[in-house]
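Quick notes on the structure that follows.
The values are calculated or read from the model by the stated rules, or taken from the named source; none is laboratory data. Here the structure is a predicted model, which is why all the values come from computation and not from measurement. Glycine also receives a Cβ, built like all others from the backbone with ideal geometry; neighbour counts cover every protein chain displayed. What goes into the accessible areas is simple: the full protein's heavy atoms, side chains included, and nothing from ligands, DNA or RNA. Shrake-Rupley method; radii C 1.70, N 1.55, O 1.52, S 1.80 Å.
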Amino acid sequence: MQLGVNVPNFGPGTTPGVLSEWARIVEGLGFDLLMVSDHVAVTPDVAARYPAPFHEPFTTLSWLAGMTTRVRLGTTVLVLPYRHPLLVARMAANLNALSGGRLVLGVGVGWARQEFEALGVPFSARGRLTDEHLVALREAWSEEDDGHTAPIPVWVGGNSEAGIRRAIEFGDAWHPLRGTLPWMRSVVTDHSLPGFAPRITLKLTTAPVGDPERLAGTGTLEQILDDLDQLERLGADTVVLDPYHGDPQETRRPHEAWQALTAVATRRRTSS
């Protein structure tokens with residue numbers, strides 16, 4: 001099972017120097033995948049959680065591709081209805097080719113109603129548009145396939161039944177965002193998924209967390225490592241660790257996240 005990291009590409013501490021250091025650390029620690037998030041218009045509903053500067057994902061990943069050599073690069077998740085599907089198809093195909101086949105395209109329907117309004121995209125149609133865009137992406141790539149780069153994996157995010165259905169119908173993997181182990185186990189057991197690549201929180205604590213609603217990836221290092229082992233037994237191909245906990249000021253203190261990632265990477269390496 002491979003491990004990835006969701007790198008904050010937003011917030012007051014996300015300078016070019018910090019972003020480049022994130023890339024150096026993620027690749028240097030041996031992680032397999034570096035992912036970033038997506039918002040286009042930082043409307044008030046977005047800014048409350050993910051304030052400016054918000055670095056556009058394709059631009060950011062293209063820049064990071066030039067300073068990395070091995071780590072895969074991805075979106076968790078690209079809000080598919082925000083852009084014309086042919087534009088997404090071209091940008092994704094170009095980035096995949098220029099990076100040597102390293103792109104993973106995680107996609108979702110989006111949630112920020114004000115952002116949809118700012119972009120002139122009907123919020124109520126986001127599910128239908130996402131389905132249509134997924135079809136259009138596949139068609140565009142099949143027409144342009146030159147056989148020289150690896151196919152782009154499409155991970156479909158969404159914790160709802162609609163999101164799970166969408167992943168089964170259109171995706172290469174279901175990509176749930178933060179959840180409990182019992183819930184993810186029930187979905188994996190009850191559905192025939194094309195693949196399983198969850199994004200879980202990474203919140204390291206000194207004392208064990210006994211809450212029955214504990215999110216996977218929250219707790220002591222031993223709890224987190226056990227979560228990863230259980231997810232691997234559930235068939236996860238990749239698990240993405242998300243060290244951002246909702247406070248934008250965290251982006252000014254990236255060393256805390258780097259220490260947690262170092263602890264996980266070191267223990268995983270020594271135990272393998």
Checklist entry - Among the residues of region 206-225, is any acidic (Asp, Glu), open to solvent by less than 60 Å² (accessible area, probe 1.4 Å) and farther than 30 Å from Asp172 by Cβ? => result no
Checklist entry - If you check Val264 against the conditions, is it open to solvent by less than 50 Å² (accessible area, probe 1.4 Å) and either out of contact with any helix residue (DSSP H, G or I) (no Cβ under 7 Å at 6 or more places or on another chain) or closer than 13 Å to Pro198 by Cβ (or both)? => result no
Checklist entry - Condition test on Thr75, is it within 30 Å of Pro122 (Cα to Cα), of a type outside the set (A, V, I, L, M, F, W, C) and touching a Pro at 6+ places or on another chain (Cβ under 8 Å)? => result yes
Checklist entry - In region 141-157, is there at least one residue being open to solvent by less than 40 Å² (accessible area, probe 1.4 Å), without any contact (Cβ under 8 Å) to a residue 40 or more places away in the chain and part of a helix (DSSP H, G or I)? => result no
Next on the checklist: I need the full set of residues from region 243-258 which are open to solvent by 50 Å² or more (accessible area, probe 1.4 Å) and touching a residue at least 24 places away in the same chain (Cβ under 8 Å), in order please.
Outcome noted: His245, Gln249, Arg252, Arg253
Item to check | region 11-22, residues that are surrounded by 21 or more Cβ atoms within 10 Å (Cβ to Cβ) and either of a type in the set (Val, Ile, Thr) or under 14 Å from the mean Cα position of the chain (by Cα) (or both) | outcome: Thr14
Next on the checklist: So in region 23-41, with the set limited to residues that are within 17 Å of Thr76 (Cα to Cα) and of a type in the set (Val, Ile, Thr), which one is most open to solvent (accessible area, probe 1.4 Å)?
Outcome noted: Val40
